[in-house]
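We did not get these values from a lab; they are worked out from the coordinates using the rules stated. This structure is a prediction, so every number in the text was calculated from the model and none was measured. Glycine gets a Cβ as well: all are built from the backbone with ideal geometry, and neighbour counts include every protein chain shown.
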Protein chains: 2
Amino acid sequence: MSAAGTGQVAANGILERTVEAIRTHGGRVTPSRLAVIAAIVDSEGHVSAEEIFERIQASSPDIHLSTVYRTLEALEKLGVVEHVHLGHGRAIYHLEENLHQHLVCESCGTIIEAPHDLTERLEMELEARLGFFTRAHHFSIIGLCRECHRREQGGGSTSPD
Amino acid sequence: MSAAGTGQVAANGILERTVEAIRTHGGRVTPSRLAVIAAIVDSEGHVSAEEIFERIQASSPDIHLSTVYRTLEALEKLGVVEHVHLGHGRAIYHLEENLHQHLVCESCGTIIEAPHDLTERLEMELEARLGFFTRAHHFSIIGLCRECHRREQGGGSTSPD
DNA sequence: ATCCCTGCAAAATATTTGCACTGAT
DNA sequence: ATCAGTGCAAATATTTTGCAGGGAT
């Protein structure tokens, strides 16, 4: 898909709103930032800083990894993206708009997106009983997907993570 | 009744069972391992590898940090401890027995232990509807504790994690 | 012209690993 | 006597930061 510019879909509105948000906050709209935002919007999923970096490299080889990190930090401060730690290693970034829970299989690494209604009740209870306000979009649940669960039942010691 | 004449508390059973588990698996019971196990049992909470290391330093200054990591890895393989990633930075370790959910405040870092019953229903639903088996003890929920939530409501800086 | 953003390198943080030696069994 | 475990140093992996120059406004 050609991104930035033609058949604008809903997603592209994000790019425009982001650009405006940057300006509103006295920031500067640079090629690097546009590239990072485009990469995230384009991926429409969960991408690590390094994955974003790699995507960008194809078209803009001079954008440095540290710039990606700094841009992500800036975007997070603007509320455009949010990062989540999915266990070991890298954090992944996704659009703040894209509200959902991440279920991470600790065996194969698969990420399942659970509909929000599944966790809504839990969130309300946590709030009512413990005064804890869940940041839904920053909340990942670790466990085993169907296949890995079956495999481990059968008995084999895997245990990565 | 059970325990031999010494004033054994429930927690001490863990140490003994662990020692036995190590032997059963052809491992060796060394001062380093005993120290690490003792430190975890003693802390009865959430400790990072480095915190365990520091606790041990007092009495056994020659135990190296890498030994702590390797011991923790071994203990995890034996099913004695489990580690959880609570967001940025360090992982924390706790006894496998000590089953509970960790609620982590992303602002102040406070860890709240939620009773298991709160999340039981969610776990059942995830299993029934998505075929996802939550590893309860490896599951942390990120959000804001009461105080930080109120403070952020009042307006102010965004922040850490 | 300002000063935010960037490239680059080096630091910081967290964890792992190669190697030779020591100690538990 | 064996070989798992350890100390130590160096390597990894991920993210952050200091500095000086460049580009957006």
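Within a 10 angstrom radius of each residue's Cβ in B:111-117, how many Cβ atoms of other chains show up on average? Whole number is fine.
Details: counts 0, 4, 1, 6, 2, 0, 1.
That works out to 2 on average.
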Inter-chain shielding of A:70-78 (mean C-beta neighbours from other protein chains, 10 Å cut-off): 1
Inter-copy label distances at A:Gly131 (7 Å, Cα→Cβ; nm, one decimal): 4.3
7 Å along Cα→Cβ, label-point gaps from B:Ala21 to other copies, nm, shortest first: 4.5
Inter-label distance for B:Ala91 and A:Glu127, nm, one decimal - labels placed 7 Å from Cα along Cα-to-Cβ: 3.3
Cβ-Cβ FRET estimate between B:Arg146 and B:Arg17, R0 fixed at 45 Å, reported to 0.05: 0.75
Pseudo-label separations to other copies for A:Arg146 - Cα-to-Cβ vector, 7 Å, nm: 4.2
